[in-house]
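S.K.: The structure follows.
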Amino acid sequence: HPDLLYSDGGIPFAISDFFAPGSAATPADPAYQKGLELIAYYYNDSIAQHGKQDCVYLQKDPRPEIYKVGTLDVEKSQLPGISAEAWHTDTCIGNWFYDVRQPYKSPLFILETLVDIVSKNGNMLLNILQRPDGTIDDEACFILRELGDWFHICGEGIYGTRPWKVFGEGETRAVIKKLTEEQTTWSQSDYRFTKKDSNVYAFLMHAPESRRAVLRSFDERVKAVELLGFGKVDFEQPFGILNVRLPEELPTHLINCLKITI
């Protein structure tokens, strides 16, 4: 009774648009029959086990008529904006398998990718590479410690959140290309947003050297601003532009996050 079922392609067992762009096959195609029966069995079994559908099926065909039977998986890439349906990215710290010649991503690169994805209603599954004996090397341990320290400070802005009215501010965008990941050079005016209850979380993709954050997306009157890991900070909102005074020493050397109550 797996919680998550994953196809490394489209719905079994027809040719997927992921591998053959422009494929005309639809769910009505007889080639999809066995795959759809499998997915239906999976969902019905989850209902029998939990009283509701409490499982996730992932596949990579980007056509809505295909992926809406489950959840769209965008391997090692992402979507350009907020999607009405939740979607998913799977990626890795280096290659998909252990390779001593493959350099690892930095913790900052991993977190920049995560924050950008979550702001657009996505989730990210991160592959941690193992040696042949199942152990992980020192560099992978370092990455996990860095990520863990960051989540201890800023995880509130990730877990249980949903997209806000816009996914971000600033002109910088991640490269959107199949199976391609390139680290983005962010500017001090780049932010990514999530929302939970009456709070908007604004991630500073590049902390301003002036230690003054300027945000232009808040039409609502802001009631309070907190820097996660630090506490309440001073702010003003003249002419609808939110100005936040940051401390000289920020809580994390990675991506910092403002909790903005509206």
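S.K.: Test each condition in (1) open to solvent by 20 Å² or more (accessible area, probe 1.4 Å); (2) within 12 Å of the chain's Cα centre (by Cα) for residue 122 and report the one that comes out false.
M.R.: (1)
S.K.: Let me ask something else about it. Condition first: touching a strand residue (DSSP E or B) at 6+ places or on another chain (Cβ under 8 Å) and not hydroxyl-bearing (Ser, Thr, Tyr). Now tell me which residues in the stretch 87-119 satisfy that.
M.R.: Of the stretch 87-119, the ones touching a strand residue (DSSP E or B) at 6+ places or on another chain (Cβ under 8 Å) are 87-93, 96, 110, 113-119.
Across the stretch 87-119, the qualifying residues are 87, 88, 90, 92, 93, 96, 110, 114, 115, 116, 117, 118.
S.K.: Of the residues 11, 82, 15, which single one is open to solvent by 40 Å² or more (accessible area, probe 1.4 Å), over 29 Å from residue 194 (Cα atoms) and either touching a His at 6+ places or on another chain (Cβ under 9 Å) or assigned to a loop (DSSP other than H, G, I, E, B) (or both)?
M.R.: Details: 11 fails: open to solvent by 40 Å² or more (accessible area, probe 1.4 Å); 82 fails: over 29 Å from residue 194 (Cα atoms).
The conditions single out 15.
S.K.: Next question. Looking at (1) under 24 Å from residue 177 (Cβ atoms); (2) more than 21 Å from the chain's Cα centre (by Cα); (3) touching a residue at least 40 places away in the same chain (Cβ under 8 Å), find the lone condition where residue 61 falls short.
M.R.: (2)
S.K.: Scan the stretch 18-45 for residues that are among the acidic types (Asp, Glu) and surrounded by fewer than 12 Cβ atoms within 10 Å (Cβ to Cβ) and jot them down.
M.R.: Applying the first criterion (among the acidic types (Asp, Glu)) to the stretch 18-45 yields 29, 37, 45.
Matches in the stretch 18-45: 37 only.
S.K.: Would you list the strands (runs of 3 or more DSSP E) that sit entirely within the stretch 194-250 and hold 2 or more residues that are within 20 Å of residue 158 (Cβ to Cβ)?
M.R.: Passing ranges, in order: 199-204, 212-215, 224-227.
S.K.: Only one of (1) loosely packed, with under 14 Cβ neighbours inside 10 Å; (2) more than 29 Å from residue 204 (Cα to Cα) is not met by residue 56, so which one is it?
M.R.: Condition (1) is where residue 56 drops out.
S.K.: So in the stretch 161-187, with the set limited to residues that are modelled with pLDDT of 95 or more and either in a loop (DSSP other than H, G, I, E, B) or more than 16 Å from residue 119 (Cβ to Cβ) (or both), which one is most open to solvent (accessible area, probe 1.4 Å)?
M.R.: Per the stated criteria, the residue is 165.
S.K.: Here's a follow-up. Which of the residues spanning the stretch 220-236 are more than 21 Å from residue 165 (Cα to Cα), out of contact with any His (no Cβ under 9 Å at 6 or more places or on another chain), open to solvent by 60 Å² or more (accessible area, probe 1.4 Å) and in contact (Cβ under 8 Å) with a residue 12 or more places away in the chain?
M.R.: 230, 235
S.K.: Can you name the residue in the stretch 64-79 that is under 17 Å from the mean Cα position of the chain (by Cα) and assigned to a loop (DSSP other than H, G, I, E, B) and, of all such residues, is surrounded by the fewest Cβ atoms within 10 Å (Cβ to Cβ)?
M.R.: Filtering the stretch 64-79 for residues under 17 Å from the mean Cα position of the chain (by Cα) gives 71-79.
Imposing the further condition that a residue be assigned to a loop (DSSP other than H, G, I, E, B) reduces the set to 74-79.
Details: 74: 23, 75: 18, 76: 15, 77: 17, 78: 22, 79: 19.
Among them, the one singled out is 76.
The values are calculated or read from the model by the stated rules, or taken from the named source; none is laboratory data. All values derive from a computational prediction rather than experimental measurement. So basically every Cβ, Gly included, is an ideal-geometry build from the backbone, and we count neighbours across all protein chains shown. Just the protein is used for accessible areas: all its heavy atoms, side chains included, with ligands, DNA and RNA removed. Shrake-Rupley method; radii C 1.70, N 1.55, O 1.52, S 1.80 Å.
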